[in-house]
Amino acid sequence: MSTATQHSVTLPDAETTASHGDGRLTANDASKFFTMSNLPRQDLKQVWAIADSKRQGFLGFKEFVIAMQLVSLAQAGHTLTSDVLDAEVDFENLQPPAMEGLDVLLRKKKRSSEPEQNGKMDDVVCIRRLVPSSTVTSIVDGLKKLYVKKLKPLEVTYRFNEFVSPSLINSDFDAKPMVMLLGQYSTGKTTFIKHLLRTSYPGANIGPEPTTDRFVVVMNGPDERSVPGNTVAVQADMPFSGLTTFGTAFLSKFECSQMPHPLLEHISFVDTPGVLSGEKQRTQRSYDFTGVISWFASKCDLILLLFDPHKLDISDEFKRVIESLRGHDDKIRVVLNKADQVDTQQLMRVYGALMWSLGKVLNTPEVMRVYLGSFSDKPINEAAAGPIGRELFEKEQDDLLSDLKDIPKKACDRRINEFVKRARAAKIHAYIISHLRNEMPAMIGKAKTQQRLIDNLDDEFAKVQREHHLPAGDFPNVDQFREKLSGYSIDKFERLKPKMIQSVDDMLGYDIPQLLKSFRNPYD
C-alpha cells in the first residue's frame, strides 16, 4: 500500500479513513486500522460483525463510530455480543479506544496535508482525484457494475425489460428494504403500519369499508407530505420508475407518503388497496392490479398477508394476487389480525380454517408461518382472549417485530438473492426468445408459424428446458408470456448469442462469489 493510502486509513472518522475517499471503510483498510487496538483476532471479528450488521462489506460513519465503541468496550473487559450496545453501559465514562501508533501517524498526516511552498495540492485531494470513479467499495456497488457490464446487455438484446421487468437503475440497488401489506379491506393494514410507527402518516385513512383505494409507499423524508404517483415515478432517487409501465390509470392511484421517523430510516412500507371480494370484485379495476402486486413483490423484502377472523374467505382476486407471489414464498408471512375478537376455542377453529384455505391456494407442502395477535394501539380484549390469549399475542407480536428488525440486516443478502434470480430469469428468457426465432421460416408462412408457436407455447417451453437442461420451476408463466408475445413479430427477435450467455454464466459462477469473498469479514 502506498504511503498516501496508509495516511488515509489512520484518521478516526469514516470520511478520511476510507482510502477511496467515499466515506467508506472497506475490509482491507479495516484489517490494518483495527489491528492497532491490539485486541485478539476473535474480538476484532466480533467488532466487524456487529458494526457491519447489514453485511454490506464496509463501514459508514455511523458504523465506524459503533466499531470504535465496541473496541473501547472490549479493551475495558466487556464481552462483545450483538446486544452489548443495548446493555446498561456507562458510555460517558467509557475511555476512548487505545490505538497503538495512531498519534505518530496523525502527526505525519497533519504534516503531509499542509500546502507545500510550490503551491501543490495536499495529499488527500491528489488521492481522491486519482482514484477512478468506477472503484468498487461495497457489494451493492459491485452488483451495479456487474449489471451494467454483463446482465443488462443480455436483457436489452432479448427484450427482457419489455417482457418481464424494466431495466434496473441505481436507485433500485440503493433503496431501503420494503415491507408490503396485502389483505382484504378492513383487515387492519393501515392500522398495522400506524401501530409500528406509533403515529399516523400523511394520507392514512382507516374505516370498515375500502378506505385505502391506492398504493401508498410510506418512506422517510425531511417533512410530512404526500407526493403524487406521477411525480414519484420520474424521480431518479426513488426505485419506482418501473411503475410507469402500468400507465396513468395506476399512477393516479399511487402516492408516496413521507415523514421523518427513526423506523423509516431503515424500512419503507407499502400499504395496498383492500383486495376485493364478493360483488365488489365484479367491478374491474382500471389497471393491472395483480401485475402491480407482482412488481412490488419482486422489490420487497417481506410480504405480510393480513386476515381477520371474520374474513377468511379467499376471493378470486385474492387468489390471483397470492398466485402472483410465486417465486417469493420465502418473503411471505401470514398475520391473523384482530385475533382478540374471538375466544380461544373459536380462535383454534379459525386458525385451522385459515391454514386449510391457504394450503389450497399456495399449493406447497411447507407450513406457512402465521402470526396471531391484535396489531393496533387498542388494548387487547381480555374478555374474549383471556390471560392465556394475552400472553400468546404478546409473544407473537414480539416474534413479528423481531422478524421486522432483522430485515435491514438481511437487506444486502436479499439484494444478492434477487439479482441472481433476475440473472437466471434473463438467461431462460434469452433461450426462449432465441428458440422461437429459430423456429420461424426465412420467407413464407411467418404469420401461420408464429400463431402455431404461440398456441403451443407449453411444448416450446418443454423443448427449451430439455435442450438446455433447465429447471421447469424457473420458467415464466405460460399464459402471461403468451399474452406478451402476441404483440411482437417473432422473426424480428435476435438469435442466440453464446458469448452473452457465457458472460452471465461467468458472472454467476465467478464474479459474484469473488465479490462476496472480497467484502466478507476481514477477520474470518
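The values are calculated or read from the model by the stated rules, or taken from the named source; none is laboratory data. Keep in mind that what you see is a predicted model, and the values were worked out from it rather than measured. Virtual Cβ from ideal backbone geometry, glycine too; neighbours counted across all protein chains shown. All accessible areas refer to the heavy atoms of the entire protein, side chains included, with ligands and DNA or RNA removed. Shrake-Rupley method; radii C 1.70, N 1.55, O 1.52, S 1.80 Å.
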Contour minus Cα-Cα span, Y351 to V148, at 0.36 nm per residue, comes to 68.4 nm
Under a 1.4 Å probe, counting only protein heavy atoms, K484 has an accessible area in Å², nearest 10, of 100 Å²
Over 27 Å (Cα to Cα) among K62/K405; K311/K409; K253/K299; K145/K176 -> K311/K409
So the FRET efficiency between S31 and I444, C-beta based with R0 = 60 Å and rounded to 0.05, is 0.35
Whole-percent carbon and sulfur contribution to the accessible surface of the stretch 145-242 (1.4 Å, no ligands, DNA or RNA) stands at 49 percent
Given backbone amide H placed at 1.01 Å from N, residues whose amide H is under 5 Å from that of Y371, ignoring those fewer than 5 places away on the same chain, are V334, V335, L336
The correct ranking of T81, T449 by accessible area at 1.4 Å, largest first, is T81, T449
If N is the residue count of the stretch 241-340, its Cα Rg over 2.2 N^0.38 Å rounds to 1.17
